[in-house]
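**Student:** The structure that follows is given in the form of C-alpha cells.
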Amino acid sequence: MLSSPTINNYPVTSNLPSEKIAILCLGGLGGSGKVATELAQQLTLTGNSIFLFTSPQAQWVNQNQSVNYIPVSAPKTPTPSIPQWVEPLAQEIIHHIETHHIGILNVHYAVGLVEAALLAKQQLATKHKTLKVCLTLHGSDITKFGREVEYKYQLKKSIINCDRVTAVSHWLASQAVKILDLKTRPTVIHNAIDLNLFQPLPRWNTNQKHTYNLCHVSNLRDVKRPLDAITVLARVRGAGIPARLLMIGDGPNLTRARQHAISLGVAEHVVFLGSTTPLELVRWLSFCDLQLVTSESESFCLAALEAMACSVPVVGTFCGGLEEVIGLLDKQLPELLLSAPGDTATMAAKVVQLFNNPQTYQKLRNTLPEKIKQHFSRQTQLQNYTNLFATLVGHGA
Ligand code: GMT
C-alpha cells in the first residue's frame, strides 16, 4: 500500500487493497467509457497497478495515459447481450485475469459486460481462483434494457450476483431498485471530470453585435432527442435572438438532424462539428453561451457537468440525473433551467429569458465552475471507489 499519493496535487488516502484491479468498459463515444477510462488513469496516477479492459482503438484511451490498456472484444456502444460476444469476452477476461493475477474487476455498464465478468468469475472459481466483481451502473443499462422483458430477468440476476453494485446518481440507484425490484440499493458514487482540462478559457465572442452560440453535445442517439435542439434554436431565433447552434458529436441521428435544420429553415445557423477530442471540446465550449441538453433520460449527464465547469450554463430537461446534478449546485436551478423532455417551446422561452437577464446569466457563468469543484471533486470520487474496493477484501468481502 502507498502512503499519501496525490491526484492533481490533492492528497488521496489510498487504502486500495493489495489486489490488482481491472476496469472493464465500452470503448465508444459514450460517457460510461469516458468515466471508466479516466478512473483507471487517475487510480494509476496514485501509483496503483490498474488494468483497463476495453475495445480496440477505444475512444477515450490516448497515448499520454499511463494506464495498462488491454484491448478486448467489448463492444463500443451499449449492445444487447448475446452469447456470441459475451462468451468470447469472458474467455479473454479469464486469460488476462490469470496472466496478471488480478483480484478485482470493476465493470462499467451492465448489459453484456457484467455477464461476461460473472461467467469469468464462475469459471475461475472452478480453478479455486477468486475474482470479485464490482458493477457500476451508468444509465440505459437500467432505464432501457431493465424495462425490456427479454433482458430484465437476466440483468436482475447478474446484479444480484455481483459483489458490489454502484450507480452514478441517486436517481439511477432509485430507478434500479424500482425497475428491477432490487432488495439492496446500489451505492452512489457520482461521476467527476478533469477540472484541469474543463475550466473556463478566455471568451472569444466579445463583440457588440453578439450572436449567441448555443451548443448540443451528444452521441446523437434517440434518447438525446438531438432534433429538439434544432427546434429550440429555430424558436429562439423566431423570438428575435440572433443565435446559432453548434452540434458537437456524431451518431445515428446525424442525417435526420441535418434534414430537420433544412426543414425548419435554419440550416445556415447550425454547424455540425462531428466528434471532438476532450481538448477540442473545451475550446469549442469557450465559444459557447449556453448548452442545450434535450435528453429524454440521463442518469447523470457528464456533458452538462463539463459545460458548466467551463462556465457554460445549461438549459435542459427534467430527465432524471441532470436535475440531481444541477440541484446539488443550487436548489433553485432545476426550476430556472429545466422543462419537460420534448417541450421545446418552454426550453426556448428559458433560453430567451436567460439572455434577456444578463445579471442572472452572468451570475451563473461566474459561479458554476466553483460550485462544480465543491460538489463533484475528483478527489471524492476516487476516495469513494478506493473505499469500495477496499471492502472487497478481508472480512465480509
Ligand atoms: O447508459 C447509457 O445510455 C450509456 C452511457 C454511456 O456510455 O454514454 O451513458 C450514461 O452514462 C454517462 C456517464 O455516467 C452519463 O453521464 C449519462 O447520463 C448516461 N446516459 C443515459 O443515462 C442515457
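The values are calculated or read from the model by the stated rules, or taken from the named source; none is laboratory data. Being a predicted model, the structure only gives us computed values, none of them experimental. Note that each Cβ is placed from the backbone with ideal geometry, even for glycine, and that neighbours are counted across all protein chains shown. Note: accessible area is taken over every heavy atom of the protein model, side chains too, but ligands, DNA and RNA are not part of it. Shrake-Rupley method; radii C 1.70, N 1.55, O 1.52, S 1.80 Å.
**Student:** Among the residues of the stretch 229-248, which ones are buried (at least 24 other Cβ atoms within 10 Å of the Cβ) and either within 14 Å of Met347 (Cα to Cα) or within 16 Å of the ligand (Cβ to nearest atom) (or both)?
**Tutor:** Result: Ala229, Ile230, Val232, Leu233, Val236.
**Student:** So Phe318 clears everything in (1) closer than 21 Å to Ser377 by Cβ; (2) open to solvent by 10 Å² or more (accessible area, probe 1.4 Å); (3) within 14 Å of the ligand (Cβ to nearest atom) except one condition, right? Which one?
**Tutor:** With respect to (1) closer than 21 Å to Ser377 by Cβ; (2) open to solvent by 10 Å² or more (accessible area, probe 1.4 Å); (3) within 14 Å of the ligand (Cβ to nearest atom), Phe318 is out only on (1).
**Student:** Moving to a separate point now. Only one of Leu220, Leu137, Leu201 is away from the ligand (no atom under 13 Å from the Cβ) and either in contact with a Gly (Cβ under 6 Å, 6 or more places away or on another chain) or on the phi < 0 side of the Ramachandran plot (or both); which?
**Tutor:** Checking each option against the conditions leaves just Leu201.
**Student:** So, one more: Whether any residue in the stretch 135-158 is within 23 Å of Pro252 (Cβ to Cβ) and of a type in the set (Val, Ile, Thr) is what I want to check.
**Tutor:** Scanning the stretch 135-158 turns up at least one residue that is within 23 Å of Pro252 (Cβ to Cβ) and of a type in the set (Val, Ile, Thr).
**Student:** Here's a follow-up. Just for the stretch 31-55: of the residues that are outside any helix (DSSP H, G or I) and within 16 Å of the ligand (Cβ to nearest atom), which one is surrounded by the most Cβ atoms within 10 Å (Cβ to Cβ)?
**Tutor:** Phe53
**Student:** Just the residues that are of a type outside the set (Lys, Arg), out of contact with any strand residue (DSSP E or B) (no Cβ under 6 Å at 6 or more places or on another chain) and surrounded by fewer than 22 Cβ atoms within 10 Å (Cβ to Cβ), please, taken from the stretch 59-76.
**Tutor:** Scanning the stretch 59-76 gives Gln59, Asn62, Gln63, Asn64, Gln65, Ser66, Pro71, Ser73, Pro75.
**Student:** So, in the stretch 195-209, of the ones that are polar (S, T, N, Q) and surrounded by 12 or more Cβ atoms within 10 Å (Cβ to Cβ), which residue ends up modelled with the lowest pLDDT?
**Tutor:** Here the answer is Asn205.
**Student:** Name the residue that is farthest from Ala176 (Cα to Cα), counting only residues in the stretch 111-159 that are crowded, with 21+ Cβ neighbours inside 10 Å and among the β-branched types (Val, Ile, Thr).
**Tutor:** Among those that are crowded, with 21+ Cβ neighbours inside 10 Å and among the β-branched types (Val, Ile, Thr), it is Val133.
**Student:** Does Arg185 qualify as being outside the structural domain of Leu105 (by TED's automatic domain parsing), basic (Lys, Arg) and part of a loop (DSSP other than H, G, I, E, B)?
**Tutor:** In short, no.
**Student:** Given (1) within 16 Å of the ligand (Cβ to nearest atom); (2) over 17 Å from the mean Cα position of the chain (by Cα); (3) in a helix (DSSP H, G or I), where does Ser81 come up short, assuming only one miss?
**Tutor:** It fails just one condition, (3).
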